[in-house]
């Protein structure tokens, strides 16, 4: 049982519930891209495009944690 509103699962889940959809985002280390929940940041492309993004070159600097959009890579991703 939770002792206060701060300890309730609803209070902890609020930031995630703001934007529950996951998107492809830039990372600082590792593969440089991954599927994450953006929180209050911009949502990237749908996770189904993750494999299509691997090996493509970015056309601009994409800060870590920012969503990757279709026009951010060459050749651009076409959402069919």
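The values are calculated or read from the model by the stated rules, or taken from the named source; none is laboratory data. Bear in mind the structure is a predicted one, so any value in this text is a computation, not a measurement. No Cβ is skipped: glycine too gets one built from the backbone with ideal geometry, and neighbour counts run over all protein chains shown.
Among the residues of segment 9-54, which ones are surrounded by 13 or more Cβ atoms within 10 Å (Cβ to Cβ) and modelled with pLDDT under 80?
Listed by number, the list holds a single entry, 19.
Scan segment 47-63 and tell me whether some residue there is part of a loop (DSSP other than H, G, I, E, B) and under 10 Å from the mean Cα position of the chain (by Cα).
no
Look at residue 3 and say whether it is at pLDDT below 85, more than 16 Å from the chain's Cα centre (by Cα) and either surrounded by 10 or more Cβ atoms within 10 Å (Cβ to Cβ) or part of a loop (DSSP other than H, G, I, E, B) (or both).
Judged against the criteria, residue 3 is a match.
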